[in-house]
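The values are calculated or read from the model by the stated rules, or taken from the named source; none is laboratory data. Treat the numbers as computed from the prediction; the structure is a model and nothing was measured. Cβ: placed from backbone, ideal geometry, glycine included. Neighbour counts: every protein chain shown. These accessible areas exclude ligands, DNA and RNA; they are computed on the full protein's heavy atoms, side chains included. Shrake-Rupley method; radii C 1.70, N 1.55, O 1.52, S 1.80 Å.
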Amino acid sequence: MREPAFWYRPSSLLSLLLMPLGALYGAIAGRRLQREGFDAGIPVLCVGNYHAGGAGKTPTVLALVKLLRELGETPVVLSRGYGGRLRGPVGVDPARHTAADVGDEPLMLARTVAVVVARDRVGGVALARSQSASVIVMDDGFQNPAIAKDASLIVIDSDRGLGNARVFPAGPLRAPLLPQIERTDALIVVGDGTAAAAVAAEVAARGKPVLSGHLRPDDAPVAALRGKRVLAFAGIGDPARFFRTLRLSGIEVVRERAFADHHPFSKSELETLLTEAKRDALILVTTEKDLARLRNAEGFPRWGKDIVPFAVTLEFDDAAKLRSFVTDQLFKARDKKFRD
């Protein structure tokens, strides 16, 4: 889905006309948030966001997995598998599955950590536990009440914020903001912008930690692309952020091609990109998530070498604060489950 431009404008007639639908959707979503979920029996940490679209959840999941491993935990990621055909529960195998099977994000994550895809998240918990999980990390699912969360870490982009702060379809919010904030255990603000300042202040006023982080490009793609002219393309929630990150890394982006999030690239689209890049002596560069979808495209082994994946890592400004928060949440979760 390509998000409507009016979501990120202060006000528009279309947004106003859709507000009654947003009120109905919000009432239903708000009631769902109040339901009690299934107790997984082990700690569940949820990485989510308040709104539809990109905010940096996947890099946050990877950063959290890395920290949990440092703490001696065995994390397993639980995902709905958006964009994949398999309902699961199924353990993602990068050697066997494609993005069309399990979704691009689970396929990308599975190269680093065990991932379970399940439409039925309760069934997904059972499979995760059978894989010796000591902690379940939910990739999205903050608004889904099926599984009880021991801690919800919400990610927000500092430049985009919440757009017009209206509920879908009038705006990008997945549910009314206040009940979402009330269920937030930590807020992660990505970048140096100010669009998330009001939300951060609201979360902090409730005594919850607000953590700041930045997306740092990996050294290898930066070195490979420095001094080169590139054609950048992306089908993610916020392609503009990807293009901006490239330029901030000193890479000359000659042309941009933005596609909808989770876009299934057609053969003709790929041929057009490859032809344009070759004609104008440009290097093709895209995100790791996009490359995960491209791996099962026709002819990938032949032309895939011509596309540079641009990997990024989320680094926290105060890593000790995150470590303390996660350690505390794990202790509280286990103590509660022991007493229950």
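List of remarks:
- Of the residues making up segment 156-165, not a single one is over 23 Å from Ile28 (Cα atoms), among the polar types (S, T, N, Q) and surrounded by fewer than 18 Cβ atoms within 10 Å (Cβ to Cβ).
- Of residues in segment 99-119 being acidic (Asp, Glu) and in contact (Cβ under 8 Å) with a residue 40 or more places away in the chain, the one most open to solvent (accessible area, probe 1.4 Å): Glu105
- Residue in segment 258-273 that is in contact (Cβ under 8 Å) with a residue 40 or more places away in the chain and over 25 Å from the mean Cα position of the chain (by Cα) present: yes
- Applying the set (1) part of a loop (DSSP other than H, G, I, E, B); (2) open to solvent by 10 Å² or more (accessible area, probe 1.4 Å) to Thr184 leaves exactly one unmet item: (2).
- Looking only at residues of segment 19-49 that are in a helix (DSSP H, G or I) and open to solvent by less than 40 Å² (accessible area, probe 1.4 Å), we find that the one that is farthest from Ser152 (Cα to Cα) is Gly22.
- Just one of the listed residues (Leu33, Leu71) is closer than 30 Å to Lys337 by Cβ, touching a helix residue (DSSP H, G or I) at 6+ places or on another chain (Cβ under 7 Å) and modelled with pLDDT of 95 or more, and it is Leu71.
- Residue check for Ala175: of a type in the set (A, V, I, L, M), open to solvent by less than 20 Å² (accessible area, probe 1.4 Å), assigned to a loop (DSSP other than H, G, I, E, B) and touching a Ser or Thr at 6+ places or on another chain (Cβ under 9 Å): no
- Residues in segment 141-167 that are closer than 22 Å to Val125 by Cβ and part of a loop (DSSP other than H, G, I, E, B): Gly141, Phe142, Gln143, Asn144, Pro145, Ala146, Ala148, Lys149, Asp150.
- In segment 120-138, residue surrounded by the most Cβ atoms within 10 Å (Cβ to Cβ) [restricted to those that are of a type outside the set (Val, Ile, Thr) and part of a helix (DSSP H, G or I)]: Gly124
- The condition (being open to solvent by less than 80 Å² (accessible area, probe 1.4 Å), in contact with a helix residue (DSSP H, G or I) (Cβ under 6 Å, 6 or more places away or on another chain) and either of a type outside the set (Gly, Ala, Ser) or within 30 Å of Asp318 (Cβ to Cβ) (or both)) is satisfied by just one residue among Val92, Val61: Val92.
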